[in-house]
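*Asks:* Starting off with a structure, shown below.
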Amino acid sequence: AFIAFARLAFGALCVAPLIFLFGHHKGRQSGFWRAQMLRGALIGSTMFCIITALQTVPIALAFSALFIAPTVANILIRFVLKERVSPVEWISVTLGFLGVLGVVRPGIDLAPGLIWALASGCFYGAYNAATRWAAPVGKPLAQLGGQLFFGSLLLLPLAIEELSFFELLEPDLLAASALSSAVGNLMAIAAFALARGALVTPLIYMQLVYAAAFSVFIFKDQIDNIAFAGIALIICAGLIPAVVDFVQKRPEDAQR
């Protein structure tokens, strides 16, 4: 809880001056604060669950379970936001879900860490759908600042409880983690404002390339062949919609 809180709070402190410097605090629409409270609660819950999972599960497996998120996001985007989801995009999230099953392999011996990672994926999927829903209510930097503030506020009581025994050994790594997370979330907010949610969500899978590389080459985790096959399927699933969209647009661009 303290690590998740610190990432969000440090990011909020870094983003706040930029919001006013670039004037992104202006032009907020009705419902802005309500949207940021929802998004902050979802991203805070996502971070808390995935960090809890990473205490006991290799990073590649934890992130693979996290990537149930695009399936959750596309269901919400289609049936709650009423946006179009193409057959290719449904195929993509279905393949990604099958890849997640290949990694998680649910059964009576399902590791608690993977349950936390699956919960994180559900929150993350809802967060992405909420980000698409909230896109019109404010500029990206303002939305990022709002989610970081409310997310840290949500985790503050839990973080205070941990302060009595928590020793901050690597503040530089925590700061780097907070900044990279904030930049990634800012890019995601901008992406959801520019494109249909169902086209953007499968690209979340590409995080798994780095997660798998870190897991194997830095943390020296042992991952079996079935899990590696699941990871490969998840990565392919993430690429399919973007590749199809690119191929379909090339003839249109050439005609113009």
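The values are calculated or read from the model by the stated rules, or taken from the named source; none is laboratory data. Because the structure is a prediction, the values reported are computed rather than measured. Cβ sites come from the backbone with ideal geometry, for glycine too, and all protein chains shown count toward neighbours. We work out accessible area using only protein heavy atoms, side chains counted, and drop any ligands, DNA or RNA first. Shrake-Rupley method; radii C 1.70, N 1.55, O 1.52, S 1.80 Å.
*Asks:* Sorted by average packing, counted as other Cβ atoms within 10 angstrom per residue and highest first, what order do 195-208, 216-229, 86-99 take?
*Replies:* 195-208, 86-99, 216-229
*Asks:* Post the alpha-carbon centroid distance, segment 1-71 to segment 156-230, in whole angstrom.
*Replies:* 10 Å
*Asks:* Tally up the carbon and sulfur contribution to the accessible surface of the chain as a whole percent, 1.4 Å probe, everything protein left in place.
*Replies:* 71 percent
*Asks:* What spacing in nm lies between the two simple spin-label points modelled at A229 and V183, each 7 Å away from Cα in the Cβ direction?
*Replies:* Simple spin-label model gives 3.7 nm for this pair.
*Asks:* Taking the Cα centre as origin and putting +1 on Lys and Arg beta-carbons and -1 on Asp and Glu beta-carbons, what dipole magnitude results for the chain, to the nearest 20 debye? Could the numbers behind the result be given before it?
*Replies:* On the way: 16 positive and 13 negative charges, 227 e Å.
In debye, rounded to 20, the chain gives about 1100.
*Asks:* Assuming 0.36 nm per residue, please report the length gained on full extension of the stretch M206 to L98 beyond their Cα-Cα distance.
*Replies:* Full-extension gain reported as 37.3 nm.
*Asks:* Report the residue, chosen from A65, A232, A41, that carries the largest GNM mean-square fluctuation when the chain is represented by alpha-carbon nodes joined by springs under 10 Å.
*Replies:* Per the Cα network of the chain with a 10 Å cutoff, A232 tops the list.
*Asks:* May I pose another question? To make sure I understand the rule: partners must be lysines, Cα under 30 Å from the Cα of K249, and not fewer than 8 residues away in the same chain. Which ones qualify?
*Replies:* K82, K139
*Asks:* Right, another one. Efficiency by 1/(1 + (r/R0)^6): what FRET value for A213 and S30, r their Cβ-Cβ distance, R0 = 41 Å, to the nearest 0.05?
*Replies:* The formula returns an efficiency of 0.40 here.
*Asks:* Compare the peptides 75-82, 17-24 by average per-residue count of other Cβ atoms within 10 angstrom and give them in order, highest first.
*Replies:* 75-82, 17-24
*Asks:* Using helices alone, I'd like the mean residue ellipticity at 222 nm for the chain: each DSSP H run of four-plus residues gives -39500 (n - 2.57), total over residue count, nearest 500.
*Replies:* Details: 11 runs with 192 residues, N = 256.
Only helices count here, giving -25500 deg cm²/dmol.
*Asks:* Compare the peptides 187-193, 146-152, 157-163 by average per-residue count of other Cβ atoms within 10 angstrom and give them in order, highest first.
*Replies:* Going by the mean number of other Cβ atoms within 10 Å, highest first, we get 146-152, 187-193, 157-163.
*Asks:* What full-extension length gain, to one decimal in nm, is calculated for D245 and E170 as 0.36 nm per residue of separation minus the Cα-Cα distance?
*Replies:* 22.8 nm
*Asks:* State, to one decimal in nm, how far the label point of L110 lies from the label point of K82, with both points 7 Å from Cα in the Cβ direction.
*Replies:* Label-label distance for L110 and K82, simple model: 3.4 nm.
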